[in-house]
Structure formats: C-alpha cells, structure tokens
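What follows is one structure encoded as structure tokens, with my remarks underneath.
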Amino acid sequence: VFPEPLRDAGVLEPVERRIAGGRFGSFYLFGSASSRRAAFQSLVRRTVGAGGRVLYLFPEVAPTEELAVGFKGAYGRTAVVFHGRMTENQKEEAWRVLKSGRAALVAGTRSALFLETGPLRLIVVDDEQEESYFQAESPSYDARRGAWLRAKSEGAVVVFGSSRPTVEAFTEARRQGTLIELETEPPRAGVTLVDHPREIPLVSRDLERKLRANLEKGEAAILFLNRRGYASQLACSSCGRVPRCPRCDIPLVFHKAEYRLVCHYCGHSEDVRKACAGCGGEVVLKRGAGTQAVEEELGRLFPKVRVGRFDADTAGRPGERETLLADFIKGRIPLLVGTQLLVHQPGVPRVKLVGILQPESLLGFSDYRAGQKTFEAVAAMLDFRRDEPDAEAVIQTAAPAHFSIAAAAAGDYRAFYDREVEFRRVLDYPPFTALAEVLIQGRDVRTLGAKSRELRALFQKRAPGLEVLGPAFASVARVRDVSRVQFILKAAERETIDRALRESLPKIRLKKSIVFSYSPFREA
C-alpha cells in the first residue's frame with residue numbers, strides 16, 4: 001500500500017526541523033502522487049516515532065480507505081480512520097480510541113479536521129486542488145483553510161500536496177519560499193486532440209475508429225461527458241421559449257429514458273409537451289447533448305456491445321451504482337459513459353482508451369477559476385488511462401488550442417500555470433487580490449432586495465478600501481422557491497474583507513441564510 005521510500009529525503013529537512021522544534025510552519029509538496037505519498041509517509045513515521053500526533057486529510061473516501069490498510073498495519077490500534085461512509089458502530093469505536101488518548105494517527109476526509117485528537121504536531125492535506133475540501137452547505141467551511149488555522153493555533157506543521165495545485169496555493173508557496181519540489185510525472189504521450197467544433201456527430205470519426213479497434217482487442221474504454229440527461233434544452237422552434245423549472249430559475253433538462261423534463265437543482269420533473277406553452281409552436285431539441293445521448297449513440301455504433309452509464313441519475317438509484325461498477329470491473333460492460341462523478345469512485349479500473357467529450361463546456365462558467373477547473377477535470381479524467389505505452393486518449397473539443405485543455409493533454413502543469421497566473425494578474429484576480437462571495441437567500445424578493453441594499457451600505461461604511469460588486473441575482477437566481485442575491489467583495493488584503501464581514505453580517509436578519517466563501521488558500 002505504501003510507496004517506495006523517497007529518493008532524496010534531504011528535501012524534507014526544513015519540514016522536519018519545524019516538527020522537531022514544535023513550531024508552526026506551512027509547506028507545499030509539488031510532485032507525483034507516488035513521490036508525495038513517500039514524503040508524507042516519511043514525515044508521519046518520524047512524527048509518530050517522536051511521540052507526536054498526526055492528522056492526515058484526503059478529499060475523498062476512496063484514498064482514505066486505501067491507505068487505512070497500511071496505517072493499521074504500521075500503527076495498529078493507534079491509527080484511527082474517520083469519514084462519512086462509516087457505520088455508527090465504526091464511528092463510536094474511533095471516538096473511543098480518540099478519547100483514550102491512544103490515537104497517534106488520524107486519517108480522514110474534511111470532517112476529521114474537527115475531531116478531538118489532542119494537540120497535533122503534523123497535519124497533511126493531500127490533493128489540495130480538490131474542491132471536495134470545501135463544504136457549501138451549513139456549516140460552510142474550507143478544510144484547507146481550517147487545517148492551516150488549526151496548525152497555527154496548535155504550533156503544528158501543515159503540509160499540503162498535489163501534482164496540480166490551485167494557482168493560489170502554488171503562488172503562495174513560491175512567495176513564502178515553502179515550495180518543495182519532488183519528482184513529477186513524465187509528459188503525457190498518446191493523447192490526441194480532435195478539433196470537433198460541432199456537437200453532431202456526438203462521437204467523432206477519430207474516436208469511433210479508436211473505440212472499434214480497442215473493442216476488437218477485447219479492451220474496455222471510458223468516455224467522459226460532464227452533462228447528464230439527453231439534451232440540455234428543449235426549445236420552441238417559433239418563439240425560442242425554453243421550458244423552465246417553476247421553483248428554480250433554470251431551464252429544464254430533457255431525459256429521454258424517462259421522457260421527462262427534469263430540474264437538476266430541485267428534482268422537479270414534468271411531461272414533455274409537443275406544443276409550446278407560450279405560442280403553440282413545435283418544441284424541438286435545441287442543443288447540448290448529455291450522457292444519455294452518448295449512451296444511445298454508442299449503442300447505435302456498436303449494437304452488440306453493452307454500454308453502461310454512470311451519472312447522478314443511475315448512481316443515485318439504490319444498488320445500481322455498485323452493480324454497474326461491478327459489471328464494468330468484471331468486464332461485462334466494455335463501454336462506460338460517465339460524468340465527473342465517476343472520477344471519485346473507488347476501485348474503477350484503468351483502461352486502454354479514454355475519451356473526453358466537450359471539456360470546453362467548463363470554460364463557459366461565470367467563474368474566474370474556470371481555466372483551473374477545466375485543467376483539473378481533464379487531467380483527472382486522463383488519469384483513468386493505463387500507464388502503458390499503447391494506451392490512448394482522445395479529447396474531442398471545439399477548443400483544442402485553449403491552454404487549459406492543451407496543457408492537461410500534455411501533462412504540463414507549469415505550462416498551464418504560467419498562462420493562468422498571467423491571466424489573473426492582468427485582471428487582478430486571486431492570488432493578486434483577496435476575493436469573497438456573499439450569497440443571501442430568502443423567499444420574499446422585496447425583503448431580499450431591501451436587505452441586500454442595506455448590506456451593501458454596511459460593507460462600504462465598515463471597510464474603506466473594499467470594492468463591492470453587486471448586489472445582483474446569482475447565476476442561478478432561484479432554487480426551490482428561494483431567491484438568491486450575491487455580492488463579490490474584493491480587496492488588496494484579506495483582513496479588509498474579514499472586517500467587513502465581521503462587522504456587517506451580524507446586523508442583517510434574514511429568515512433564510514447568508515453564505516460566504518473565500519477564494520481558496522489565502523494565508524494572511
């Protein structure tokens with residue numbers, strides 16, 4: 001389970017000195033998964049051997065369970081594993097060990113940050129770039145920031161790690177001189193970028209040809225498309241009206257298997273009407289194929305081959321997730337179509353051929369981190385390709401020259417970072433400024449409007465130097481009959497935003513809620 005020992009253990013000396021001295025420190029390990037795990041294991045062994053306690057955080061359950069076997073073997077009952085999929089009995093046993101004071105090593109997902117472990121000497125946060133560390137629902141928090149704060153308060157050392165760091169974290173580590181570079185993955189080969197500007201055909205000739213050859217060899221393949229359903233929209237051919245959710249301010253998505261329109265926010269569904277409710281014109285498919293459409297197209301191209309689909313619709317049905325993955329693992333399903341949900345599933349085998357369809361759709365989100373999210377998504381999907389010379393991947397995209405897609409295809413984080421950080425510098429986005437989003441929610445739009453104007457005045461009064469963008473309706477303005485208004489707060493220093501939030505939010509009373517989130521990883 002554990003990797004080979006680190007080749008150059010000397011690079012960890014600054015970290016080891018801080019741990020031994022019982023002084024707070026923050027470091028970032030940049031390198032391949034195997035080199036990071038070797039480094040982390042060395043630090044854990046030294047810390048536990050010297051009588052210290054360690055908290056080891058992962059973004060997902062799968063790697064936590066994977067390393068739990070090795071931890072238990074190495075540290076016995078002094079190793080505690082904690083995550084959301086544990087049974088109540090398992091959690092009670094973990095709490096008993098923690099309460100007894102015997103726990104030397106605690107490994108878990110973000111919620112493990114709040115366990116009463118006693119004073120820590122080392123906190124490890126692996127795969128720092130993963131958004132799973134952020135919890136949007138109440139209580140909202142970012143475990144990466146929380147790990148840094150806990151380490152500082154307890155005089156511990158926190159070590160982050162990734163082969164694809166967030167731009168904010170990588171820049172901060174370079175600025176602080178705390179970046180430790182390990183062995184990185186070699187450049188990717190065997191990845192084909194297919195310029196596919198149109199959505200039809202769903203599967204390009206290049207990808208179809210490679211799929212056919214792969215199947216003839218008896219090999220399985222995975223195709224990723226980060227859009228579930230059959231088509232993203234239906235629309236009237238006469239007036240252009242798009243059916244929308246009555247409870248949320250978003251278009252309904254067409255699901256052909258159920259032949260219904262579905263809201264992906266609240267779950268509302270309704271029958272498909274052949275005539276437009278507005279003008280009586282014909283309703284037709286508009287654009288944006290989803291996983292159901294790709295599944296259907298693969299069935300047409302390869303009628304004798306079983307095709308599986310893994311998305312929120314199929315994986316959400318009791319027992320279907322396990323059955324589907326088991327059939328794929330056993331070779332009963334040679335072709336599997338999935339969304340990003342598949343990326344975080346434990347035990348999915350690597351394959352000879354990976355196809356990625358329309359990754360440029362991620363670039364269209366109203367988020368300054370769209371480039372980073374696209375790079376990370378494509379790179380994570382490419383990780384499902386086997387590490388073999390003849391393994392292949394096809395990225396079918398309308399934007400093959402975009403630096404986030406091209407750099408992910410080449411496995412070149414530095415190329416991505418250089419372009420992305422310059423983009424952020426020019427537009428004054430983090431890490432060159434502090435940024436926070438404040439979302440206020442309520443059922444009564446008039447009350448929400450009045451409260452949002454009141455909040456804006458408070459922000460401007462309490463924090464000179466704060467740039468307030470908004471109030472404005474959020475990109476999804478209504479969810480489950482609750483309206484949403486957002487602010488973007490921007491300042492040269494985080495303390496300016498902290499002061500504005502601290503002195504303004506307690507003065508606003510709402511029946512619903514106020515949610516705020518920072519740009520990730522700002523240490524000051």
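The values are calculated or read from the model by the stated rules, or taken from the named source; none is laboratory data. It should be emphasised that the depicted structure is a prediction, and the values quoted were computed from it without experimental measurement. Virtual Cβ from ideal backbone geometry, glycine too; neighbours counted across all protein chains shown.
When 453, 419 are checked against the criterion of being modelled with pLDDT of 90 or more, outside any strand (DSSP E or B) and closer than 30 Å to residue 125 by Cα, 419 stands alone in meeting it. Every listed requirement among (1) surrounded by fewer than 21 Cβ atoms within 10 Å (Cβ to Cβ); (2) under 27 Å from residue 131 (Cα atoms); (3) not basic (Lys, Arg) is met by residue 331 save one, (2). Here is the figure for segment 133-177: residues that are under 18 Å from residue 57 (Cβ atoms) and of a type in the set (S, T, N, Q) total 6.
Keeping to segment 302-323, report how many residues are in contact with a Lys or Arg (Cβ under 8 Å, 6 or more places away or on another chain) and either touching a residue at least 12 places away in the same chain (Cβ under 8 Å) or not assigned by TED's automatic domain parsing to the domain that holds residue 376 (or both).
Start the filter on segment 302-323 by keeping residues that are in contact with a Lys or Arg (Cβ under 8 Å, 6 or more places away or on another chain), which leaves 302, 306, 310-315.
With the extra rule that they be either touching a residue at least 12 places away in the same chain (Cβ under 8 Å) or not assigned by TED's automatic domain parsing to the domain that holds residue 376 (or both), the set shrinks to 302, 306, 310-313, 315.
Result for segment 302-323: 7.
Exactly one residue among 100, 138, 132 is within 22 Å of residue 435 (Cα to Cα) and loosely packed, with under 14 Cβ neighbours inside 10 Å, and that residue is 138.
Conditions (1) within 19 Å of residue 19 (Cβ to Cβ); (2) touching a Cys at 6+ places or on another chain (Cβ under 9 Å); (3) not charged (D, E, K, R), marked per residue:
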residue: 105; (1), (2), (3): yes, no, yes
residue: 119; (1), (2), (3): yes, no, yes
residue: 143; (1), (2), (3): no, no, yes
residue: 153; (1), (2), (3): yes, no, yes
residue: 158; (1), (2), (3): yes, no, yes
residue: 162; (1), (2), (3): no, no, yes
residue: 170; (1), (2), (3): no, no, yes
residue: 174; (1), (2), (3): no, no, no
residue: 181; (1), (2), (3): no, no, no
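None of 370, 379 is under 15 Å from the mean Cα position of the chain (by Cα) and surrounded by fewer than 21 Cβ atoms within 10 Å (Cβ to Cβ) except 370. Please tell me if residue 267 is of a type in the set (Gly, Ala, Ser), within 24 Å of the chain's Cα centre (by Cα) and either closer than 14 Å to residue 290 by Cα or surrounded by fewer than 20 Cβ atoms within 10 Å (Cβ to Cβ) (or both). Yes. Among residues of segment 121-148 that are charged (D, E, K, R), those with a Cβ under 6 angstrom from a residue that is assigned to a strand (DSSP E or B), sequence gap 6+ or separate chain, pair up as 126/161; 127/162; 128/160; 128/162; 142/134; 144/125. Sub-9 Å Cβ pairs linking a first residue in segment 14-33 that is closer than 13 Å to residue 152 by Cβ to a second residue that is part of a loop (DSSP other than H, G, I, E, B) and acidic (Asp, Glu), at least 6 apart or interchain, are 26/523, ordered by first then second residue.
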